[in-house]
Amino acid sequence: MLRACLTLSVLIFASTLQPSRCRAELSLSAVFGDSMVLQRDRPIHIWGTTTPGTEVKVTLAAQSASAKSDESGRFDVELSAMPAGGPHELTIAADETRTMKDVLIGEVWLCSGQSNMQWPVAAANDADLETLTANFPNLRLITVPNLGTQEPQTSFEGKWESCTPKTAAQFSAVGYFFGRQLHQTLGVPVGLIDNAWGGSSCEAWVKRDALAADEKYAPLLKHWDDLAAKSNFDDQLAKWQAKMNEWRKTKQGDAPRRPQDALAGQHRPANLYNGCLKPVIGYTIRGAIWYQGESNAGRAEQYGELFPLMIQSWRDEWNLGDFSFYWVQLADFMQEKSEPGDSSWAELREAQTKTMTQLPGTGEAVILNLGEASDIHPKNKQDVGKRLARWALAKDYGYEVPYHSPTFSAMEVKEGHAVLTFDHVGGGLDTFDVTSPLGFTIAAEDKKFVRAEAKIIDKTHVEVWSDEVASPVSVRYAWADNPICNLQSTDGLPATPFRSDDWPGVTAGKVAP
């Protein structure tokens with residue numbers, strides 16, 4: 001008996017010296033699942049983790065491909081491009097096998113930004129009628145929950161669902177109206193990934209390395225690093241809990257507000273890149289639509305470089321080349337002003353517009369006529385989605401539809417009058433509501449702007465002047481938070497706000513919150 005016990009002990013001890021043969025669970029991002037839409041006509045990228053050194057086989061319809069997981073367990077498999085269609089089954093076989101059903105092949109778009117992208121169909125114009133008709137079985141929706149973290153995430157809590165009145169109601173309104181237009185026009189399945197977070201700052205969507213590589217963002221990173229060094233959220237939470245306990249005894253007055261951890265929020269650099277974007281980076285898409293900028297208006301000059309950096313860093317990591325990236329320019333907001341002046345929102349709009357000249361495959365939906373003075377969340381999301389869809393239909397799918405708002409090209413001064421040239425005028429320049437163009441201001445070298453008179457000369461030219469300015473040096477159009485303006489193309493697309501000067505604005509030099 002003693003010998004048997006000793007033998008058993010030796011065997012147990014010896015087994016602890018052998019290398020572990022435990023198998024890792026097959027792990028995938030939640031973006032892979034039943035009812036998903038995979039991008040047509042492009043190689044399909046499938047990734048995940050399993051036991052290191054495991055052969056992983058992926059099968060979709062009649063094709064399959066294999067790859068071996070690396071020493072960390074990561075595998076990447078590429079399937080050949082497929083035409084639109086389905087439903088199919090996709091099977092991933094490794095240490096275990098996972099099968100996803102009702103998989104469609106079609107068009108996939110990412111819908112990102114802050115609250116105006118997050119704003120749901122249920123809060124848009126005609127929400128009751130819109131939700132009643134939201135029955136599109138081949139329009140598929142998935143939402144990534146809000147998570148702010150410095151740790152890159154590999155998955156999230158979410159799943160693909162067919163578009164129904166119930167699922168559409170809480171989905172991004174801009175995303176839904178954009179996707180619905182594509183779905184109805186193209187006649188193919190469309191998949192929409194919504195990962196927007198209200199109030200988010202652009203820098204939160206950029207990975208830390210990309211910001212740290214450029215010295216100009218050092219003050220921004222230092223601001224947050226200093227905050228992290230001195231923050232003690234646990235202490236704040238404990239103090240709040242103590243106040244809550246006291247309040248529960250008396251129930252007098254308002255309950256103390258729970259503190260928010262800024263370090264886990266939507267403004268800290270890289271937080272949303274890690275928490276909301278990273279889990280879907282690599283999923284084959286056609287492109288992205290974006291509605292954000294309000295939170296960066298106070299640093300609009302910086303946004304002129306930060307926004308293109310964000311787009312390029314996404315493209316670099318996605319490894320799909322210069323995939324299409326279309327955004328919404330900030331709407332008109334706040335009270336109208338009787339006299340010309342500076343505007344951080346106008347500067348932010350300018351930064352957005354300039355991005356089109358810095359990066360290929362980009363486009364801007366101008367919505368200066370869709371905003372609301374007293375509501376930062378204008379409810380007309382239908383026309384916003386349509387203007388974005390025009391860009392995609394024209395540039396990605398070859399439809400001959402008007403898509404580009406008129407843009408300022410050049411200025412020439414003749415006898416005290418400024419003659420402006422515009423590009424992308426479609427059928428020609430036009431005005432809305434009244435015949436005379438509204439929204440122009442003019443200044444001499446003293447930089448004092450006054451309201452100007454204007455008239456359309458021909459399809460591409462506008463003449464601007466003021467009796468108060470004999471020698472004009474600069475002309476601006478719609479340069480205000482909420483400008484009174486009416487220049488457009490005959491196609492009804494509003495002219496893009498602009499200034500002909502490059503004088504320092506009110507956000508010049510502002511690099512941190």
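Out of region 436-495, which residues are out of contact with any Asp or Glu (no Cβ under 7 Å at 6 or more places or on another chain), over 28 Å from Tyr403 (Cα atoms), open to solvent by less than 40 Å² (accessible area, probe 1.4 Å) and not hydrophobic (A, V, I, L, M, F, W, C)?
Correct list: Pro472 only.
Can you tell me how many residues within region 136-149 are within 30 Å of Trp224 (Cα to Cα) and crowded, with 16+ Cβ neighbours inside 10 Å?
In the first step, residues of region 136-149 are kept if they are within 30 Å of Trp224 (Cα to Cα); the result is 143-149.
Filter once more, keeping what is crowded, with 16+ Cβ neighbours inside 10 Å: 143-144, 146-149.
The qualifying residues number 6.
Does Glu71 meet the test of being open to solvent by 50 Å² or more (accessible area, probe 1.4 Å), in contact with a Pro (Cβ under 7 Å, 6 or more places away or on another chain) and among the charged types (D, E, K, R)?
yes
Among the listed residues Asp234, Asp209, Asp226, Asp128, identify the single one that is assigned to a helix (DSSP H, G or I), within 30 Å of Arg74 (Cβ to Cβ), without any contact (Cβ under 8 Å) to a residue 60 or more places away in the chain and of a type in the set (Asp, Glu). Spell out how you get there, then give the answer.
Values: Asp234 fails: within 30 Å of Arg74 (Cβ to Cβ); Asp226 fails: within 30 Å of Arg74 (Cβ to Cβ); Asp128 fails: within 30 Å of Arg74 (Cβ to Cβ).
Just one listed residue meets the conditions, Asp209.
Filter region 346-381 down to the residues that are within 15 Å of Gln302 (Cα to Cα) and either within 16 Å of the chain's Cα centre (by Cα) or open to solvent by 20 Å² or more (accessible area, probe 1.4 Å) (or both) and list them by number. Outline the logic, then answer.
Residues of region 346-381 that are within 15 Å of Gln302 (Cα to Cα), as a first pass: 346-355, 358.
Of everything in region 346-381, those that are within 15 Å of Gln302 (Cα to Cα) and either within 16 Å of the chain's Cα centre (by Cα) or open to solvent by 20 Å² or more (accessible area, probe 1.4 Å) (or both) turn out to be Leu348, Arg349, Glu350, Ala351, Gln352, Thr353, Lys354, Thr355, Gln358.
Which pairs turn up if I take residues in region 341-367 that are closer than 21 Å to Ala392 by Cβ and look for partners that are among the hydroxyl-bearing types (Ser, Thr, Tyr) and assigned to a helix (DSSP H, G or I) with beta carbon separation below 7 Å, at least 6 apart in sequence or on another chain?
Within 7 Å, the pairs are Thr362/Thr355; Glu364/Thr353.
Of all residues in region 266-279, which are crowded, with 21+ Cβ neighbours inside 10 Å and not polar (S, T, N, Q)?
Scanning region 266-279 gives Arg268, Pro269, Ala270, Leu272, Tyr273, Gly275, Cys276, Leu277, Lys278, Pro279.
Identify, please: which residue in region 52-62 is open to solvent by less than 70 Å² (accessible area, probe 1.4 Å) and in contact with a strand residue (DSSP E or B) (Cβ under 6 Å, 6 or more places away or on another chain) and is, among those, farthest from Val103 (Cα to Cα)?
Among those residues, the one meeting the criterion is Val56.
Checking the conditions here, which among Gly293, Gly304 is of a type outside the set (A, V, I, L, M) and more than 20 Å from Trp391 (Cβ to Cβ)? Let's see the steps before the verdict.
Numbers: Gly293 fails: more than 20 Å from Trp391 (Cβ to Cβ).
After ruling out the rest, the residue left standing is Gly304.
Among the residues in region 409-420, are any touching a residue at least 40 places away in the same chain (Cβ under 8 Å), buried (at least 21 other Cβ atoms within 10 Å of the Cβ) and assigned to a loop (DSSP other than H, G, I, E, B)?
no
Can you pull out every residue in region 115-165 that is closer than 26 Å to Leu263 by Cβ and of a type in the set (Gly, Ala, Ser)?
Residues satisfying the conditions are Ser115, Gly148, Ser155, Gly158.
Could you check, for region 394-407, whether at least one of its residues is within 30 Å of Asp41 (Cβ to Cβ), in contact with a Lys or Arg (Cβ under 9 Å, 6 or more places away or on another chain), buried (at least 18 other Cβ atoms within 10 Å of the Cβ) and of a type in the set (Phe, Trp, Tyr)?
Yes - at least one qualifying residue is present in region 394-407.
Can you tell me which residues in region 192-206 are farther than 17 Å from Ala288 by Cβ and either in contact with a Leu (Cβ under 8 Å, 6 or more places away or on another chain) or part of a strand (DSSP E or B) (or both)?
Start the filter on region 192-206 by keeping residues that are farther than 17 Å from Ala288 by Cβ, which leaves 198-199, 201, 203.
Correct list: Glu203 only.
In region 245-265, what count of residues is obtained for those that are part of a helix (DSSP H, G or I) and surrounded by 13 or more Cβ atoms within 10 Å (Cβ to Cβ)?
Taking region 245-265 first, the residues part of a helix (DSSP H, G or I) are 245-250, 262-264.
From the residues that got through so far, the ones that are surrounded by 13 or more Cβ atoms within 10 Å (Cβ to Cβ) too are 247, 262-264.
Going through region 245-265 one residue at a time, the tally reaches 4.
Being hydroxyl-bearing (Ser, Thr, Tyr), surrounded by fewer than 16 Cβ atoms within 10 Å (Cβ to Cβ) and assigned to a strand (DSSP E or B) is the filter here, so list the residues in region 421-435 that pass it. If you could, list the steps in order and put the result at the bottom.
Here is the first cut: in region 421-435, the ones hydroxyl-bearing (Ser, Thr, Tyr) are 421, 431, 435.
Narrowing further to those that are surrounded by fewer than 16 Cβ atoms within 10 Å (Cβ to Cβ): 421, 435.
The one that is hydroxyl-bearing (Ser, Thr, Tyr), surrounded by fewer than 16 Cβ atoms within 10 Å (Cβ to Cβ) and assigned to a strand (DSSP E or B): Thr421.
Does Ala94 count as modelled with pLDDT under 95 and either open to solvent by less than 80 Å² (accessible area, probe 1.4 Å) or within 30 Å of Val174 (Cα to Cα) (or both)?
Working: modelled with pLDDT under 95: no; either open to solvent by less than 80 Å² (accessible area, probe 1.4 Å) or within 30 Å of Val174 (Cα to Cα) (or both): yes.
Spelling it out, it is not the case that Ala94 is modelled with pLDDT under 95 and either open to solvent by less than 80 Å² (accessible area, probe 1.4 Å) or within 30 Å of Val174 (Cα to Cα) (or both).
Return the pairs, sorted by first residue and then second, in which the second residue is open to solvent by 60 Å² or more (accessible area, probe 1.4 Å) and in a loop (DSSP other than H, G, I, E, B), the first residue lies in region 499-513 and is in contact (Cβ under 8 Å) with a residue 12 or more places away in the chain and within 21 Å of Tyr217 (Cβ to Cβ), the beta carbons are less than 6 Å apart, and the residues are 6+ apart or on different chains.
Partner pairs satisfying both residue conditions: Val506/Asp342.
Taking the condition of being closer than 13 Å to Val384 by Cα and basic (Lys, Arg), how many residues in region 164-187 meet it?
First, the residues of region 164-187 that are closer than 13 Å to Val384 by Cα: 172-181.
Still in the list and also basic (Lys, Arg): 180.
Adding up the residues that qualify gives 1.
Working carefully through the options Glu445, Glu463, find the one that is among the charged types (D, E, K, R), in a strand (DSSP E or B) and more than 34 Å from the chain's Cα centre (by Cα). Steps first, answer last, please.
Working: Glu445 fails: in a strand (DSSP E or B).
Just a single option satisfies the conditions, and that option is Glu463.
Evaluate the following for Ser155: is it part of a loop (DSSP other than H, G, I, E, B) and closer than 24 Å to Pro87 by Cβ?
Working: part of a loop (DSSP other than H, G, I, E, B): yes; closer than 24 Å to Pro87 by Cβ: yes.
So Ser155 passes the test.
Assess whether Lys386 counts as being under 17 Å from the mean Cα position of the chain (by Cα), surrounded by fewer than 23 Cβ atoms within 10 Å (Cβ to Cβ) and of a type in the set (D, E, K, R). Can you show your working first?
Numbers: under 17 Å from the mean Cα position of the chain (by Cα): yes; surrounded by fewer than 23 Cβ atoms within 10 Å (Cβ to Cβ): yes; of a type in the set (D, E, K, R): yes.
Considered against the rule, which asks whether it is under 17 Å from the mean Cα position of the chain (by Cα), surrounded by fewer than 23 Cβ atoms within 10 Å (Cβ to Cβ) and of a type in the set (D, E, K, R), Lys386 comes out as yes.
Quick one: which residue in Glu89, Glu107 is in contact with a Pro (Cβ under 8 Å, 6 or more places away or on another chain) and of a type in the set (D, E, K, R)?
Values: Glu89 fails: in contact with a Pro (Cβ under 8 Å, 6 or more places away or on another chain).
After applying the criteria, what remains is Glu107.
The values are calculated or read from the model by the stated rules, or taken from the named source; none is laboratory data. Everything numeric here is computed off the predicted structure, so don't read it as measured data. Here Cβ is always computed from backbone atoms with ideal geometry, including for glycine, and neighbour counts include all displayed protein chains. Note: areas computed on protein heavy atoms with side chains; ligands, DNA, RNA excluded. Shrake-Rupley method; radii C 1.70, N 1.55, O 1.52, S 1.80 Å.
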